[in-house]
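Below is one structure; the comments refer to it alone.
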Amino acid sequence: MGTLREDVFWGITGKYNQKLEILARMAQPEKWTYKKIQDSDPYRILRNYIQFTYDRLSEEHKFCDSADGKYRCMNTGLLTIYNQEIVAIFAKNNREGKQPWFLNGFFKETDKFFTINFSALPPMADFCDNVKDLIYDNNLELKLKKEHIIDDNFERFVDAGFSSKELISVLLDSAKGTLEKKLKRNFKLALPFYYRNTETGECKIQLLAPLYFPGAPVRLALVLNKIQSEAKEYYEGVTILPVEWAYMNARLIAKPDEEWARIMDEIDVTDENTSIKNAIDKID
């Protein structure tokens, strides 16, 4: 089995968005795009979620086929407001030279079209073997691989409004202290992220945590690896991502909590220049 792009014909962008709109209305309400791209790409996060959920289910061979072979079904991992499972059903594509399947639609587990073609729900995607990897352990030390974070990701800091490496270094130290205090009170702030290296095939769980630079809205997230050395186990901050990327990537495993929703709303409404000035004034 392959990826969603290889396997499934979704139609042109407009049709694709119409199908995603149906799914978004069917599922429990949540944030499926960013305000700044609401008009041009109204389901950016949902599209990413469906794509990578499909790809993971394909790796795990967790699709169900109908008895006559005309349909294939996947568990989207989403629920309706009445906590019914939502599945995607694909139909055989007979058009030559196209993907072998096309999306028939999204259905509730009680919908007749699903129940007459499938005898059981397909399983959900799994992303790790040890559930402990999904949860931040407050007993472990947090270290920063600061040179790598700054030098290899400097353009991301610039895009967030910070162009001085010396200032960034000070801000990172301050943000680390704030983050540790917040994580002691809300471990769910560190979101699990399924990382797959496309070159090596390596797969692992990382954690994504917001960087609270003093006086500024959160625009960057810290990527944490759990390190097992001969001496001890600890977390290491290894790189950064824009918070939009972090939120979208983390949504694959679980819905982010209220603090992350607040962060996403804040960056949409806060004036960037004012935020940067406040951060610098705070340090001075």
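No lab work stands behind these numbers, since they all come straight from the coordinates. Since the structure is predicted, the reported quantities are computational estimates derived from the model, not experimental observations. Reconstructed Cβ throughout: ideal geometry from the backbone, glycine too, with neighbour counts over all protein chains shown.
The table that follows gives values for the structure above.
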item: Overall form of segment 4-117 per C-alpha gyration tensor (a/c, 1.5; a/b vs b/c); result: oblate
item: Projected-area mean, segment 51-169, by convex hull of Cα positions, square nanometres; result: 13.2 nm²
item: Positive-end residue, the chain charge dipole about Cα centroid, Cβ charges, pick of I135, M26, I263; result: M26
item: Ranked packing of 238-251, 205-218, most packed first, by mean Cβ within 10 Å; result: 205-218, 238-251
item: Mean separation of Cα contacts under 8 Å (6+ apart) over length of segment 2-91, as relative contact order %; result: 26 percent
item: Of [x] 1.12; [y] 0.93; [z] 1.18, the label for Cα Rg over 2.2 N^0.38 Å derived from the coordinates; result: [x]
item: Note, ³J(HN,Hα) from phi for segment 125-138, Karplus 6.51, -1.76, 1.60, rounded to Hz, x at Gly and Pro; result: 6, 10, 10, 7, 8, 10, 4, 4, 5, 7, 10, 5, 9, 5
item: Rounded to the nearest 20 debye, dipole of segment 131-283 from Cβ charges on Lys, Arg, Asp, Glu; result: 500 debye
item: Residue with peak Gaussian network fluctuation, the chain [Cα springs, cutoff 10 Å], from F157, F127, F113; result: F113
item: Partners for K232 among aspartates and glutamates (Cα-Cα distance below 18 Å; same-chain residues under 8 apart left out); result: D133, D137, E141
item: Set of lysines near K165 by C-alpha distance (under 23 Å), chain-local residues within fewer than 8 positions excluded; result: K143, K145, K146, K176, K277, K282
item: Cut-off 19 Å, label 7 Å out along Cα→Cβ of E233, residues of segment 99-137 by amide N; result: 127-137
item: Mean separation of Cα contacts under 8 Å, 6 or more apart, over the residue count of segment 131-283: relative contact order %; result: 27 percent
item: Charge-dipole axis of segment 131-283 as Lys and Arg at +1 and Asp and Glu at -1 on Cβ define it, positive-most pick from I240, L207, G161; result: L207
item: Estimated inter-spin distance, T178 and I22, nm [label 7 Å along Cα→Cβ]; result: 4.4 nm
item: Gyration tensor verdict on segment 101-144 (Cα atoms; rounded if a/c is under 1.5, prolate if a/b is larger than b/c, oblate otherwise); result: prolate
item: The chain: relative contact order as a whole-number percent, Cα under 8 Å and 6+ apart; result: 16 percent
